[in-house]
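**Student:** Before I ask anything, let me first share the structure, which is written out below as structure tokens.
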Amino acid sequence: MVTRKLLFVSLLAVALMVTACAPAAKVVKETVIVEKQVEKVVKETVVVAGTPQVKEAAKEVVVTATAKPVDAPNSINLNASGATFPQPLYEDWAFAFSQRDPSVVINYAGGGSGQGIKDIKAGTVDFAGSDALLKDADYQEKPELQMIPTVAGAVVLAYNIKGVTATITLDAAAVVGIYSGKIENWNDPALAALNPGVKFPDLPINVVHRSDGSGTTNIFTLYLSAVSEDWKKGPGAGTAVDWPVDKLGRGQGGKGNPGVAAAIQNTNGAIGYAELAYAKSNNILYAKMINAAGKTVEASIPSTVAAIKDAKFDGRLTAVIVNSKDPEAWPIAGFTYLIVHKDYKDCKKAEKLVSFINWALSDAAATSRASKLLYAPLPNEVMPRVIEVVNKITCNGKPVVTK
Amino acid sequence: MHQRVRRSSNIFMLGLTGLTTVVGIAPLVWILFDVFVRGASAISIRFLTDTFKPTSLGGGGIWHALVGTGILMGLASLFSVPLGILTALYVARNPNTLLGLAVRFGTDVLSGLPSIVVGLFVYALVVSGHGYSALAGGVALAILMLPIIVRTTEEMLKLVPKSLREASLALGAPEWKTSLQVWLPAAMTGILTGLMLAVARVAGETSPLIFTALGSNVLSTALDKPIASLPLVLFKYAVDPSKVRNAQAWAIALIIVALVLLLNISARLIATWRSKMMY
Amino acid sequence: MALSQMPHRLNRVAASPLGRALQHGDILFKGAIALSSLSLFGLMIGVGMMLWLRSGPMRANAGLSFITATVWNPVDEQFGAAPFVIGTLTTSLLAMIIAFPLGLFIAIFLAELCPTGLRGIVGFMVELLAAIPSVVYGAWGIFVFIPSFVTPVGNALMDALGNPQRFPYLPIFQGPFFGASRLAAGLILAVMILPTIAAISRDVLLAVPRSQREAALALGSTQWETIWQVVLPYGLSGILGAVILGLGRALGETMAVTMVIGNVAQLSTSLLSPGYTMASVIANEWGESRTPLYGSALIEIGLLLFIMSLLLNIVARLLVWSVARRTPEQRA
């Protein structure tokens, strides 16, 4: 009785071990890449129950491709976290790159520039995204970090006022007034003066900002500091600041660009700063702005390109471009960066990372995807420098790219 | 007169308790209604079998999250069940020792611990050295499941009549054999219901996973890399401006709630069936 | 297996060397279960210790004034936990004030009035409220509860009682009000802790001996008078324990609160203003706490949460246990 049971148990154990090891022997997956990607536009209606507006049509673009990003045992997995400013673009790029090269899988988890910087310094991710610049102290602590600019984007003031369906115009004074708390209500004369045709309701302004450490906040507050001495001396610029509206009870914090955009959408009377892609793709109204040259501009690729035209990149490949004097420039624009290590221990990861960044910066398909999401490419003058730095990435001392 | 006042206030207050019960259950009905109606309209086979796609490409599906949740549940059960059963065996055998009381105290404390604190603990223990991983997520969820498993297993073990254990011991079986081959199997259905309730508890846990499993947009079965999970994806999609993502969030809510309801109702049914069987 | 064969085989096993080793496997077994029990207890100690040790830098920096300091400014490395502690206490107390009477009445209904057939189902439905995950409550809060319940209620409160001229000493309902607020968090928490209070109170009431009720009824009380004047006072400590357990649960709730409270680290006298809780700030800011002091400040907040829930748990269990101890088990 005892021996029979022992035999059975040992057979079971052997069987379990065999089945556990078998998948490793299996062939991983088919890696057929469909050359021609057919884009089907499917109209799908999303019914939101219980609300007066019954049907909402959402356009769905179906890309048929058989290569799905799957993290199989011998695929190379690149993990990243960081800025939500470029997140729609990085997710798009990661997906497209995995279709081109199914052996690599890129997971960009977002979380804000602050999280990206923390994670890359702690070594828990392979690369990070950040619109906030690393400080001197960070470089001293971790000299092996390198910032690589990828694209430039526009920060817009998105708003949600019931009854206002027009695009409003704001100027620097109005934005500073709203965020410092001096302009309290949408029917303030300062706003009416800028928007003669718009009927604003008597509604307190709910000012949305970021609740996490954010490069988008950094870009926005750099702008506020550039146009207002009071703001510069007061809350100042940074990835997180003391928002005056919070003390007045009219502030609201959202996590990440999506959180801010969602808060604006869900709150009547809200205004907040977010990257253009979030406002545009979710049909949230965003304001035109009067720039430093006095011209009213709309956030778009041409105005972003005009803003970054005269960008001066320093030795660390970083540049600040808010409140450009160019007449066509969008006043609140900023570059976004990838933070990488100068040297990697895992050669396969380093190789795939370098190939990904090179593809993202130079490949026509990558640039066109960026343009579709309204991110502007780097100026031509700085591109060679950036590519040079990317190709200098080494793995255990040996350069990854051998030219 | 006084009698009338007493009688009518009696009926009034008793009626009030009934009314309160209706009011108290109303949110449940409301939530379930919303979850089912809004979730059902966004669920499709493609949604369940597709992995993440950016919204610019339609939004994709949640297969990666379903797989991820399954793996995390499996890991959490793997870590918590053996430990929980062994601990419960100790407490059931030695209820009045110092260690037994300490364990009872420990499970009470652990069950009341905010799950975010558990996440911090596992971050310090596991993630600091080895990065975000499915294993870390599994450990965090296991810590949350442990008190439930210990408590229910202990109660189920106590319900088994002592005569059964005594008979086995009288026949010469050693203690460990009695416990593992006689006592435990007799309580097995109860222990399984405890496991189901514990899984139902952690199926929707988000905060401990934020800094352990991190979340992923990619289908992954690796244990040492970040992994997706249904509640994490739900959180991300709910706090998102895109209407497509919001609809997907409701669908995920439906799946999680259906899973939790199924587990809870099954556990209840098994308990009633078992108690009917015993008498 | 035939009865006559059994002892024979076991004797043979016990006699062989393998058998004797297996018998002494008892030592292994007892050791294993003791070890696992120790590890569970050690786990609890470990969590507390890790929180204590890792919050060291912040504790050395500010000591107890951390709890009362009101400025939370990570950029300037100024960390004060007061906004979060007050926020947590406000929302939890609000939740308790709403959930306590509701839960108590539901418990009375379930324990005293509900026909036995319905008791199981209704009780089960109440417990299901507790099974719904926090993040689902949060999503429901954002899309349904705030727009259709909290906003009208908040606006009504603000219009009726929030005018600073008419009620200068009642700041708790003063505007501005935008939906995401402490009121929203408190209301959702109330729904979430209702089942805890109701279920445990029901068990406490069921544990009150029948003789008490019968005595009161024999003396001519109505059913309500029996409940209110006899049963409830008897089980009062247990019910208190239930409430405290509910409070403990409310303290630690993260996801639902984070999604509806507005995430603004400011002290405020109004329930209608946005706020921040201890659990929410850890969830939102841990990912980016890049300096050691920042990280240890967040961990110290976690330590505070740990201590608070520990204390509440102990008090609650003692209270509930005291009722159970007093009464001989007599199911009604």
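**Student:** Going by the alpha-carbon gyration tensor, a ≥ b ≥ c the square roots of its eigenvalues, is segment B:2-42 rounded (a/c under 1.5) or, if a/c is not under 1.5, prolate (a/b greater than b/c) versus oblate?
**Tutor:** prolate
**Student:** Can you give the relative contact order of segment A:255-362 as a percent, counting alpha carbon pairs under 8 Å and 6+ residues apart?
**Tutor:** In percent, rounded to a whole number, it is 18.
**Student:** If you place +1 on the Cβ of every Lys and Arg and -1 on the Cβ of every Asp and Glu, how big does the dipole about the Cα centre of segment C:213-307 come out, in debye to the nearest 20?
**Tutor:** 20
**Student:** Output ³J(HN,Hα) for segment C:249-257: one whole-Hz value per residue in order, computed from phi by the Karplus curve 6.51 cos²θ - 1.76 cosθ + 1.60 with θ = phi - 60°, and x for Gly and Pro.
**Tutor:** Running phi through 6.51 cos²θ - 1.76 cosθ + 1.60 with θ = phi - 60° gives 5, 5, 4, x, 5, 10, 5, 4, 5 Hz.
**Student:** A follow-up question, please. Taking Rh as the Kirkwood radius, which is the inverse of the mean 1/r over Cα pairs, what is the Rg/Rh value for segment C:38-187? Write down the numbers at each step before the final one.
**Tutor:** Working: Rg = 21.3 Å, Rh = 19.7 Å.
Using Cα coordinates only, the ratio equals 1.08.
**Student:** Ok, one more. Take chain C, connect every pair of alpha-carbon atoms lying under 10 Å apart with a spring to form a Gaussian network, then pick out the residue of C:Asp203, C:Asp159, C:Asp76 with the largest mean-square fluctuation.
**Tutor:** So, out of C:Asp203, C:Asp159, C:Asp76, the one fluctuating most is C:Asp76.
**Student:** Let me ask something additional. Short version: ³J(HN,Hα) in whole Hz for each residue of segment A:79-90, in order, from phi by Karplus 6.51 cos²θ - 1.76 cosθ + 1.60 (θ = phi - 60°), x for Gly and Pro, what are they?
**Tutor:** With coefficients 6.51, -1.76 and 1.60, one gets 9, 9, 9, x, 3, 8, 3, x, 4, x, 6, 5 Hz.
**Student:** While we're on this one: Non-local amide H neighbours of A:Gly269 (under 5 Å, H modeled in plane, Pro and chain starts lacking H): which ones?
**Tutor:** A:Asn160, A:Ile161, A:Lys162
**Student:** Hey, which of these cross-link pairs are over 28 Å Cα-Cα: A:Lys372/A:Lys398; A:Lys312/B:Lys53; A:Lys295/B:Lys53; A:Lys162/A:Lys325; A:Lys162/B:Lys236?
**Tutor:** Values: A:Lys372/A:Lys398 37 Å; A:Lys312/B:Lys53 36 Å; A:Lys295/B:Lys53 39 Å; A:Lys162/A:Lys325 34 Å; A:Lys162/B:Lys236 26 Å.
The pairs that break the limit, which is 28 Å between Cα atoms, are A:Lys372/A:Lys398; A:Lys312/B:Lys53; A:Lys295/B:Lys53; A:Lys162/A:Lys325.
**Student:** Would you work out which of A:Thr221, A:Ser362, B:Val244 lies farthest towards the positive end of the dipole of the protein assembly as shown? Charges go on Cβ: Lys and Arg +1, Asp and Glu -1.
**Tutor:** B:Val244
**Student:** Follow-up. I need the fraction of alpha carbon pairs in segment A:163-305 separated by more than 24 Å, rounded to a whole percent.
**Tutor:** Considering segment A:163-305, 25 percent of its Cα-Cα pairs are separated by more than 24 Å.
**Student:** What nm value, rounded to one decimal, do you get for the distance between A:Lys312 and B:Ile265 when each label is placed 7 Å out toward the C-beta?
**Tutor:** Once both label points are built, they end up 7.0 nm from each other.
**Student:** Enumerate the calculated ³J(HN,Hα) couplings along segment B:102-111 in order (Karplus 6.51 cos²θ - 1.76 cosθ + 1.60, θ = phi - 60°), each rounded to whole Hz, writing x wherever the residue is Gly or Pro.
**Tutor:** Going residue by residue, I get 4, 5, 4, 4, x, 5, 4, 5, 4, 6 Hz, with x marking Gly and Pro.
**Student:** Something else now. Can you tell me the Rg and Dmax of the protein assembly as shown, counting just the alpha carbons, in angstroms?
**Tutor:** 30.7, 105
**Student:** How high is the relative contact order of chain C, given as a whole-number percent (alpha carbon pairs under 8 Å, six or more residues apart)? Working shown, then result.
**Tutor:** Numbers: 452 pairs, mean separation 86.1, N = 332.
Once divided by the residue count of chain C, the mean separation gives 26 percent.
**Student:** Separate question: How high is the relative contact order of chain B, given as a whole-number percent (alpha carbon pairs under 8 Å, six or more residues apart)?
**Tutor:** RCO, chain B: 26 percent.
**Student:** Check which residues have an amide H placed less than 5 Å from A:Ser81's amide H, if you skip close sequence neighbours.
**Tutor:** Here the answer is A:Ala109, A:Phe127, A:Gly129, since their amide H atoms fall under 5 Å of that of A:Ser81.
**Student:** Which chymotrypsin sites (Phe, Trp or Tyr not before Pro) in segment C:136-245 pass both tests, a DSSP loop state and at most 16 other beta-carbon atoms within 10 Å?
**Tutor:** Passing sites in segment C:136-245 are C:Tyr169.
**Student:** Let's see if you can work this out: charge +1 on each Lys and Arg Cβ, -1 on each Asp and Glu Cβ, no other charges. What is the dipole magnitude of chain C about its Cα centre, in debye to the nearest 20?
**Tutor:** 1100
**Student:** OK, next. Would you tally the net charge around A:Leu145, using a Cβ to Cβ cut-off of less than 14 Å, leaving A:Leu145 out, and scoring K and R as +1, D and E as -1? Mind dumping the intermediate values first?
**Tutor:** Details: positive: A:Lys118, A:Lys121, A:Lys135, A:Lys142, A:Arg316, A:Lys342, A:Lys392, C:Arg290; negative: A:Asp119, A:Asp126, A:Asp136, A:Asp138, A:Glu141, A:Glu144, A:Asp343.
Spelling it out: positives minus negatives among the neighbours equals +1.
**Student:** Mind telling me which of B:Tyr132, B:Tyr90, B:Tyr123 comes out most flexible in a GNM of chain B, alpha-carbon contacts under 10 Å?
**Tutor:** Maximum among the listed residues: B:Tyr90.
**Student:** Could you tell me how many cubic angstrom of Cα convex hull volume chain B has per residue?
**Tutor:** 214
**Student:** Right, another one. Which longest uninterrupted range of chain C lacks any GluC sites (Glu not before Pro) assigned by DSSP to a loop state (not H, G, I, E or B) and surrounded by at most 16 other Cβ atoms within 10 Å?
**Tutor:** C:78-328
**Student:** Another question, then. If you filter segment A:275-381 for GluC sites (Glu not before Pro), then keep DSSP loop positions with at most 12 other Cβ within 10 Å, what is left?
**Tutor:** On the way: sites: A:Glu275, A:Glu298, A:Glu328, A:Glu351, A:Glu381; in loops: A:Glu298, A:Glu328, A:Glu381.
Passing sites in segment A:275-381 are A:Glu381.
**Student:** Helix-only mean residue ellipticity at 222 nm, the protein assembly as shown, DSSP H runs n ≥ 4 weighted -39,500 (n - 2.57), per residue, nearest 500. What is it?
**Tutor:** So the helix-based figure for the protein assembly as shown works out to -18000 deg cm²/dmol.
**Student:** In addition: Name the trypsin sites (Lys or Arg not before Pro) in segment A:99-143 that are in a loop by DSSP and that have at most 13 other C-beta atoms within 10 Å, would you?
**Tutor:** When the trypsin sites (Lys or Arg not before Pro) of segment A:99-143 are filtered for loop state and at most 13 Cβ neighbours within 10 Å, A:Lys135 remain.
**Student:** In 10 Å bins starting at zero, report the fraction of Cα pairs in chain C per bin as a rounded %.
**Tutor:** Whole-percent P(r) values from 0 Å outward: 5, 19, 23, 21, 15, 9, 5, 2, 1, 0.
**Student:** Per residue and in Å³, how big is the convex hull formed by the alpha-carbon atoms of segment B:1-101?
**Tutor:** In segment B:1-101, the Cα hull volume divided by residue count equals 237 Å³.
Coordinate-derived values only; no laboratory data. None of the values given here were measured: they were computed from a predicted structure. Virtual Cβ from ideal backbone geometry, glycine too; neighbours counted across all protein chains shown.
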